[in-house]
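Please treat every number below as a calculation from the coordinates, not as lab data. Since we're looking at a predicted model, the values are computed, not measured. Cβ coordinates were reconstructed from backbone atoms using ideal geometry, including for glycine residues, and neighbour counts include every protein chain displayed.
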Amino acid sequence: MAAFRIVRACEKHIGDITVIEKLSFKIPWSSESITEEITRNKAAVYFCAEADGKAIGYAGMWQVLDEGHITNIAVHPEYRRTGVGNALLEALVSEARRRGIKALTLEVRDTNYAAQALYKKHGFIPEGRRKAYYADNNEDAIIMWRKLE
């Protein structure tokens, strides 16, 4: 397994992120949406886990006033369960603190137990449910929050 480092996502990572999206989500974001997020969305910040010059995972959030909304965290299947997701989430939390964000939130599939375990490990607490949130199968989303104060 290659060593990795966490860096700010930029245009050179968009192709790799698009591949990770397609491998990770039933309804992946388009390359155009990813490009918009990384290059033009002033409320967004994205990080990549990079190994050998290639993005092997990524994570992003939007800042809305003093709250952060985690949009996506995804790791290439070949690198899952190696600490990449953990490091990406730590990078988001650290950036949120640096920006003075007081709380982070996210939605996660009701059946995505691995992701829920990662979030709980980092202090996120289930606080609600969005019924039929996911369009592909009408699965509920669990809303999780973490206070940073």
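Computed values, structure above
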quantity: Ratio Rg/Rh, restricted to the chain and using Cα atoms, in which Rh is the Kirkwood radius; calculated: 0.94
quantity: Gained length - Trp145 relative to Arg5, 0.36 nm times residue gap less alpha-carbon distance; calculated: 47.8 nm
quantity: 9 Å beta-carbon shell around Pro28, net charge (K/R +1, D/E -1); calculated: +1
quantity: Burial ordering of Ile17, Ile38, fewest other beta-carbon atoms within 10 Å first; calculated: Ile38, Ile17
quantity: Electrostatic dipole magnitude of region 5-147 [Cβ: Lys, Arg +1; Asp, Glu -1; Cα centre; debye, to 20]; calculated: 480
quantity: Contact order normalised by residue count of region 1-75, Cα under 8 Å, 6+ apart, percent; calculated: 32
quantity: Sequence-distant aspartates and glutamates (8 or more away, or on other chains) whose Cα lies within less than 13 Å of Lys102; calculated: Asp66, Glu67, Glu149
quantity: Antiparallel content of DSSP bridges confined to the chain, in %, to 5; calculated: 90
quantity: Rounded to whole Å, sorted largest first: equivalent-ellipsoid semi-axes of region 27-115, Cα gyration tensor; calculated: 20, 16, 14
quantity: Difference of contour (0.36 nm per residue) and Cα-Cα distance, Lys121 to Arg81; calculated: 13.0 nm
quantity: Span from the region 106-146 Cα centroid across to the region 54-82 one, whole angstrom; calculated: 14
quantity: Calculated FRET efficiency for the pair Phe25/Asp52, C-beta based, R₀ 25 Å, to 0.05; calculated: 0.55
quantity: Sequence-separation-based contact order of region 5-147, relative, with Cα cut under 8 Å and 6+ spacing, percent; calculated: 18
quantity: Local net charge near Gly100, Cβ-Cβ under 13 Å (Lys/Arg +1, Asp/Glu -1); calculated: 0
quantity: Highest-MSF residue in the chain out of Val64, Val19, Val75 [GNM, Cα springs under 10 Å]; calculated: Val64
